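Below: the structure, in structure tokens.
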């Protein structure tokens, strides 16, 4: 019984990792850029939701929507302003710009909201159902189911819609896709929009479980989600989901059965082992370099 | 050239010091007390509060006629939180012939000064240095605050006797000495008092997810859960404890002070009914606490924190000891300090053979989303 409960804990954290990892992996798949500012989009999303609920007294679902819209716009804007001008320069320049953007967002919010941690309201309270005599909270259930639904919608979108096909085409071969008449700019914007929207959803569920919001909250979460994306195979959507879930469950089981202080060591150990035997990640494509 | 200049400065200083020393001996109508505190630098928040508290106490006593018919001359030195500067400050005060010292504030510089002061047999009382070593260098060293392990022992006593808990669990920060010290003392005391520690779990610095540990703790169905940590971490742990369905009474230490500010008002229920110990409570209706609160606010225009209260008490204890000694002889003051029996803002303080106080601790309970004073107890 305890084991099932620990699995559910892991699944809850894992689905948040997965939602964030999707943003990293999609952007990498299409723009070949590791968007280090992605973790900070989560932080922005959390602050927006906090302001919407706290200062404007909006319902948490409306706040979630406000946060998603804001982050989508912010994500697209960041791409247009910071990454687009560098699209044809070296990958290193783009990477450094991404780190710069991350620092910019952190310090901007530090300036506006100070470094004091702000409490997030109790948003999804109550017990959904019980396993034995142990309750599963509404919050846990919502985090897992909404993440699953969003992942399914994303899969459907990428596989079945026209713009989804365009995204896959751009990720396979940008130049060829362009020659086939695909608008690269729109495709990349849509990718950033989806990634940032998912990050905003993740931020609200993350903050309702860990109810303190501060300008650096996205750093560790972003890093872990990035590792999840690498573990699953960066560029692969199912890989990001698998990587996130594996990390969440590995953390939870390590804390529950081995030692709480070893959780990070185990997660990074898994990453090292996977990369040793499958350098492109669990579900990553093995791209051969042409000489 | 520069060497000569330097020498000149040193000589000038030495002359000045001698001149001061001369003054000290000749003026017979004041008693000189030294103060060492970090008034600037990283830990100045603590230093200023402790110093303000001490100054308030000295002012009160001077207004009431002083000690042994003489006014107190409080000479304060800033040590910027630095052990070397603290020792320099001590040397300076010692050369000015102070009869006793109130200080230092944080543990590291206090230890440096204590080693020096022990050789001079200088009576010294620190308000807030909590490290165990502080009082081990000589009989001259006293403190007004309780130690970290003492908080664990107090909460263990409270849990087993006042709450009659039979099975208790502990969740602590493995990377933090304060948390670890409290947790270890709690565990030892609980077992000595005949209750069982059914879960002893740790977490790492900066962790935000505690559900795995809390699930494990919940599996052992404890009556009470002791979490010695700081308020931001407590806000996260308490929220998740409610989520996994922990019904045990939560217990904490003085790091909990501020937890209500770290929770949204819609989320205050997660710490409802929790108990933690603290140096004193502003809710305490006793006359000495209420008088201190009003006087401090009047003088400094802010609410006193625990450091200010301890600073106030340490000055009061020292001055009462000098009065009782009847003279400013060092050994007489030390003997009087050791026999202190003082009812202060931070509780009843006495010393039983060591410089560490046996004192009562305020137990604060969270009721209807506010701190209330539950009781004042002394660990056995």
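Numbers for the structure displayed
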{"item": "Qualifying residue in region B:142-151 (condition: touching a residue at least 12 places away in the same chain (Cβ under 8 Å) and over 14 Å from residue B:358 (Cα atoms))", "result": "no"}
{"item": "Lone unmet requirement of (1) facing chain A (nearest Cβ under 8 Å); (2) in a loop (DSSP other than H, G, I, E, B); (3) under 30 Å from the mean Cα position of the chain (by Cα) for residue B:209", "result": "(3)"}
{"item": "For residue A:124: the one exception among (1) buried (at least 17 other Cβ atoms within 10 Å of the Cβ); (2) in a helix (DSSP H, G or I); (3) in contact (Cβ under 8 Å) with a residue 60 or more places away in the chain", "result": "(2)"}
{"item": "Criterion violated by residue A:1 - all others in (1) touching a strand residue (DSSP E or B) at 6+ places or on another chain (Cβ under 9 Å); (2) more than 17 Å from residue A:206 (Cβ to Cβ); (3) buried (at least 21 other Cβ atoms within 10 Å of the Cβ) satisfied", "result": "(3)"}
{"item": "Those residues of region B:289-306 which are at pLDDT below 90 and in a helix (DSSP H, G or I), in sequence order", "result": "B:306"}
{"item": "Scope region B:212-223; condition within 28 Å of residue B:161 (Cβ to Cβ) and either assigned to a helix (DSSP H, G or I) or at the interface with chain A (Cβ under 7 Å from one of its Cβ atoms) (or both); matching residues", "result": "B:213, B:214, B:216, B:217, B:218, B:219"}
{"item": "Residue count for region A:1-42, restricted to those that are touching a helix residue (DSSP H, G or I) at 6+ places or on another chain (Cβ under 7 Å), within 13 Å of chain B (Cβ to nearest Cβ) and farther than 16 Å from residue A:151 by Cα", "result": "8"}
{"item": "Residue match in region A:235-245 (condition: part of a helix (DSSP H, G or I), in contact (Cβ under 8 Å) with a residue 12 or more places away in the chain and within 12 Å of chain B (Cβ to nearest Cβ))", "result": "no"}
{"item": "Residue within region A:158-168 that is touching a helix residue (DSSP H, G or I) at 6+ places or on another chain (Cβ under 6 Å), closer than 19 Å to residue A:237 by Cβ, surrounded by 17 or more Cβ atoms within 10 Å (Cβ to Cβ) and free of Cβ contacts under 8 Å to residues at least 24 places away in the same chain present", "result": "yes"}
{"item": "Filtered residue count, region B:225-249, keeping only those that are assigned to a loop (DSSP other than H, G, I, E, B) and at the interface with chain A (Cβ under 8 Å from one of its Cβ atoms)", "result": "2"}
{"item": "Restricting region B:250-273 to residues that are surrounded by fewer than 22 Cβ atoms within 10 Å (Cβ to Cβ) and touching a helix residue (DSSP H, G or I) at 6+ places or on another chain (Cβ under 8 Å), the residue that is farthest from the other protein chains (Cβ to nearest Cβ)", "result": "B:257"}
{"item": "Test set (1) in contact (Cβ under 8 Å) with a residue 24 or more places away in the chain; (2) within 13 Å of another protein chain (Cβ to nearest Cβ); (3) not in a loop (DSSP other than H, G, I, E, B) - residue B:276 fails condition number", "result": "(2)"}
{"item": "Answer from A:74, A:110 - the residue that is at pLDDT 90 or above, out of contact with any helix residue (DSSP H, G or I) (no Cβ under 7 Å at 6 or more places or on another chain) and surrounded by 13 or more Cβ atoms within 10 Å (Cβ to Cβ)", "result": "A:110"}
{"item": "Test: residue in region A:256-274 that is within 10 Å of another protein chain (Cβ to nearest Cβ) and in contact (Cβ under 8 Å) with a residue 24 or more places away in the chain", "result": "yes"}
{"item": "Residue list for region A:137-158, filter: in contact with a strand residue (DSSP E or B) (Cβ under 7 Å, 6 or more places away or on another chain) and either more than 9 Å from chain B (Cβ to nearest Cβ) or farther than 18 Å from residue B:214 by Cβ (or both)", "result": "A:138, A:141"}
{"item": "Breaking point among (1) closer than 29 Å to residue B:269 by Cα; (2) surrounded by fewer than 19 Cβ atoms within 10 Å (Cβ to Cβ); (3) away from chain B (no Cβ under 14 Å), for residue A:115", "result": "(3)"}
{"item": "Counted residues, region B:172-206 - those being within 13 Å of chain A (Cβ to nearest Cβ) and touching a helix residue (DSSP H, G or I) at 6+ places or on another chain (Cβ under 6 Å)", "result": "8"}
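The values are calculated or read from the model by the stated rules, or taken from the named source; none is laboratory data. Fair warning: this is a prediction, and the values are worked out from it, not measured in the lab. Cβ coordinates were reconstructed from backbone atoms using ideal geometry, including for glycine residues, and neighbour counts include every protein chain displayed.
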